[in-house]
Amino acid sequence: MFRQLLRRILAAFIVMFLVSLATFAALEVVPGNAAIVSLGTEGNVEQLAALEAQLGLDRPLGERLFDYYSGLIRFDWGTSSYYGQPVWTLISQRLAVTFPLALASVLLALLIAITLGTVAAVRKGGVVDIISRSLVQLASAMPSFWLSLLLLVLFSSVLRLVPMGGYVSPAEDFGAYLNSIVLPLSVLVVGETGPLLRLVRSSMLEAIGEDWYTAAQVKGLRKGRVIVSYALRSALTAPLTSAGTQLAKLLGGTAIVESVFALPGMGRLFLTAVEMRDLQLVQGIVIFVSFFVVLMNLVTDIVLRLVNPALEPDGGGL
Amino acid sequence: MLGFFLISCSGGEGSGDGGTTTGTAAAAPSIIRMAVTTDPDGLDPHATASASTFQVTSNIYETLVTVDEQGVIIPDLAESWTVSEDGLVLTFTLREGATFSNGLACDAQAVKASFERLLSQGVRSQDYSGISGIDVIDERTISFTFSELNVSALTLFAYPWAAVVDANAQDLRTNPVGTGPYMLSSWVPQQELVLTANPSYTGERHVDTVEFIMMPDMTSQVTALRGGQVDIILVTGDLVGQFEGDDAWSILAAPGNGLQLMAMNNASPALSDVRVRQAINHAVDKDALIEGVWWGYGEPIGSHFPVVLSEYVDTNGLYPYNPDRARELLAEAGYADGITLEMYLPRNYQEYVNAGLVIADYLKAVGINVSVQIVEWATWLSDIYNGRGYDLTVVGHTGRLDAYSLLSRYRSSSAENYLNYSDPAFDALLDEYSVTVDEVRRTEIAHEMQQRLAEAVPGLYIQDPIQIYVTPSSLKGFKVFPINIFAFNEVYFSQE
């Protein structure tokens, strides 16, 4: 187990390094740089050259790469060329917004999906099955920006139940914090629940179609116990794996939902960083998010093994 | 009864007192919150060309002189100034007791250091290359000597990028130090930027706190205004209707100092023929375009000149909407069988994309086939603006205070001449303008330059956009200036 963990961590660093190299390459190829964007339509060639020199963009690529990685080893993530603030400060500000939101939305979505999905599978064709399947259809047909605006106008403008106006830190006022995230959280939960519910339902259907399920019933075990202790356990592999991936994806941010609710999350930061060609900031976010993807895969594996000890130890792969 | 209740209620809250307080700490605690779509590009006015920066920094720093709503130069950090007989030396007298927010005196020496910083590392340093000497006469007097006559030299000292900063302060991008009415309290990018009263500022100021709240989505901004979470928003024409005729809101709609055009690459084979450019102008119904894309909120223009400037002359109507005439001109130019042009549109500016698509449709109707490509802003700046690899593109420009700085991008040799326009007679007019002291003659030249552009149509000049701000009607003193500045120290809440 320990050796395996070590191997995984090593692999994670290699993945992060390769991803960041690819990011460097991509930003090197796309037209435009931070100096061009900063000058906009009022600049000229001389001003551009001066600003590029100021930002260090005129140095050779190898030199810039070396500087970046040698800084990173010392945990110096560099400074955002657009905001002029340290990259790590910006990322940690965003993480405080995005992480609780992402975690809460995935956990809530899992809870709803497991409950409804199990009932829907066991009582296939029943009321819960039909209603939950229709709701999943409806939820996946609604674009998140549209649902966001709808909720915003209804709860904020018409009913005036929640304030409209960005984000309040929980340290400042916990009640106001909850108010500021309840709508975006709802939108995310609606988006996450659908696919998870479908997975739970189909895995459960498969599980209760197996011979051992029939055998257990014939043996006279109570139905509820068979479902929860045996069927659900084996059926959770796919949904849990998917939830882990979803969580990592949400940490990368949800630019649209964040924009509508004026939340200072990771997605908007990343979008701005790319648009402004803010290389240091793009790099920082990419490395951070890829670290999280790797970490989430690891956590998912551990959780899976706890839930279903029957799973084969992951011997071969990473 | 209700009226009485409202008055006593707001009196109890004590939110401002109608604008008679000036700079006393005893002023009623109050706050102005403005929704903005993007963060400033740092808070160092010398290090950027970004309007979103200047709208914030103009409240933190002062310039030697500034402008009123009509663009007339008025005192700011300098209380008075003189121009030498030959026009080459400008001497400013600083306000007595001017102090930076860090407590250091802002004397002539500090102003000199600030301008030396601007000249050596400012992104706009080119604009100031005519300055050959800066001399400190005494503690409150400083003079600038120009190597050659520049009649619009004074306006150079009013632009927000010429703000006086504490040149010795570290990292002005995140720790701005100026002499203005406010100073930075906190800034969380993409969330909010908060300014608080600068205690060393003694001029007019009614409200102690100014908050810029970043809200990228326009519908969210409108909802926030209605919910009372922000006090000032800038809206597009489609969203203003809901506020019209409602006494609770004030709408401030005025043409800004800016212009939007479809630029043409005058060096590309077909577009180097003036008849093709004229045909394009005849092919587009400008009024319908403004109606369709900007809901009518724009003043049509005939040349590269905002209507708000005093030297503006109306050049509309030279090439009215006339598709038949457009086809004739194309045939005369040898394109009776049609041509194909490449149009690049900047994705981040939805209105320019929309305008481009509408124009492409009009052009198709007269036999000009337009292949449209929508590109990211950084790509646009790199390949179109700096690289000049395009036929047609739609974009906007912010105005300047005088015709020379506004139109000098049309000089044949200008590095900013992305339209590749070349007209020796126009260049000569620019030269003449910059050394003509006589105001009447100068205005004549400005008119002549506009007329030349309107005839040669290096681009399809669309409009001077009308900016629409919405505020609660109790908010007073909010003004729109011809350069990218705000004066929040003049804003207050009335109790009427």
Acute angle (nearest 10 degrees) that the helix B:323-332 long axis makes with the longest principal axis of chain B, alpha-carbon atoms: 60
Positive-end residue of A:Met204, A:Pro163, A:Leu108, charge dipole of segment A:94-276 with Cβ unit charges: A:Met204
P(r) tail fraction, segment A:203-316 - alpha-carbon pairs more than 22 Å apart, %: 53
Kirkwood Rh and Cα Rg combined as Rg over Rh, evaluated for chain B: 0.99
Isotropic mean projected area of the C-alpha convex hull, chain A (nm²): 21.7
Dimensions (Å) - segment B:259-466, Cα atoms, principal axes, largest first: 49, 37, 33
For the protein assembly as shown, alpha-carbon Rg over 2.2 N^0.38 Å: 1.09
Length released on extending from B:Asn175 to B:Gln373, taking residue separation times 0.36 nm less the Cα-Cα span: 67.2 nm
Ellipsoid semi-axes in whole angstrom, largest first, where each is sqrt(5λ) of the Cα gyration tensor of segment B:223-338: 38, 15, 13
Per principal axis, descending, Cα span of segment A:29-74 in whole Å: 38, 20, 17
For segment B:243-259, Karplus couplings with θ = phi - 60° (6.51, -1.76, 1.60), whole Hz, Gly/Pro x: 9, 5, x, 10, 5, 6, 10, 9, 10, 10, 10, 8, x, x, 8, x, 7
Surrounding net charge for A:Ala216, when Lys and Arg each add one and Asp and Glu each subtract one, Cβ distance under 13 Å: +3
Estimated vicinal HN-Hα couplings, Hz - segment B:139-146 in sequence order (Karplus 6.51, -1.76, 1.60; Gly, Pro = x): 3, 10, 10, 9, 10, 10, 10, 9
Alpha-carbon Rg/Rh ratio, for segment B:281-384, with Rh computed the Kirkwood way: 1.00
For segment B:368-375, Karplus couplings with θ = phi - 60° (6.51, -1.76, 1.60), whole Hz, Gly/Pro x: 9, 8, 10, 9, 9, 10, 9, 10
For residues of A:153-161, the mean tally of beta carbons on other chains within 10 Å: 2
Kirkwood hydrodynamic radius of segment A:94-276, Cα pairs, Å: 18.0
For B:Glu439, net neighbour charge (Lys/Arg +1, Asp/Glu -1) across residues whose Cβ lies under 12 Å away: -2
Long-range HN-HN contacts of B:Glu79 with modeled amide H, under 5 Å: B:Thr93, B:Leu94, B:Arg95
For segment A:107-149, radius of gyration divided by Kirkwood radius, i.e. Rg to Rh on alpha-carbons: 1.06
Computed FRET value (nearest 0.05) for B:Glu342 with B:Ala365, which takes r as the C-beta separation and R₀ as 22 Å: 0.75
Diffusion coefficient, µm² s⁻¹, Stokes-Einstein with Kirkwood Rh over alpha-carbon pairs of segment B:58-162 at 25 °C and 0.890 mPa s: 175
Dipole of the protein assembly as shown, positive direction: furthest Cα of A:Leu135, A:Gly265, B:Val435, with charges on the beta-carbon: A:Leu135
Residues B:Ile137, A:Ile256 arranged by fewest to most Cβ contacts within 10 Å: B:Ile137, A:Ile256
MRE, 222 nm, helices only [DSSP H, n ≥ 4, -39500 (n - 2.57), over chain A, to nearest 500]: -23000 deg cm²/dmol
Net charge of Cβ neighbours under 12 Å - reference A:Val106; Lys, Arg +1; Asp, Glu -1: 0
Simple spin-label estimate for A:Phe174 and B:Asp68 in nanometres, 7 Å along Cα-Cβ: 5.6
Where N is the number of residues in segment A:1-142, Cα Rg divided by 2.2 N^0.38 Å: 1.67
Nonlocal amide H pairs with B:Arg347, under 5 Å, H built at 1.01 Å: B:Val375, B:Glu376, B:Trp377
Which of A:Thr79, A:Thr193 has the fewest Cβ neighbours within 10 Å, and the rest in rising order: A:Thr79, A:Thr193
5 angstrom amide H check on B:Gln191, placed H, neighbours 5+ away: B:Met214
Residues B:Leu392, B:Leu407 arranged by fewest to most Cβ contacts within 10 Å: B:Leu407, B:Leu392
Virtual spin-label span in nm between A:Ile73 and A:Gln4, 7 Å along Cα→Cβ: 3.2
On Cα atoms only, tilt of B:350-365 relative to the major axis of chain B in degrees: 20
Backbone N within segment A:8-50 under 14 Å of label point (7 Å from A:Arg305 Cα along the Cβ vector): A:8-9
Stretchable slack from A:Ala104 to A:Ile130, in nm (0.36 nm times residue separation minus alpha-carbon distance): 6.7 nm
Which of B:Val308, B:Leu453, B:Val274, positive extreme of dipole for segment B:259-466 (C-beta unit charges): B:Val274
Anchor B:Lys286: lysines whose Cα lies under 26 Å away (excluding residues fewer than 8 positions away in-chain): B:Lys364
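All of the numbers you see were taken from the coordinates with simple rules; none came from a lab. Computed from a prediction, not measured in an experiment: that's the story for all the values here. Every residue, glycine as well, gets a Cβ built from its backbone with ideal geometry; the counts of neighbours run over all protein chains shown.
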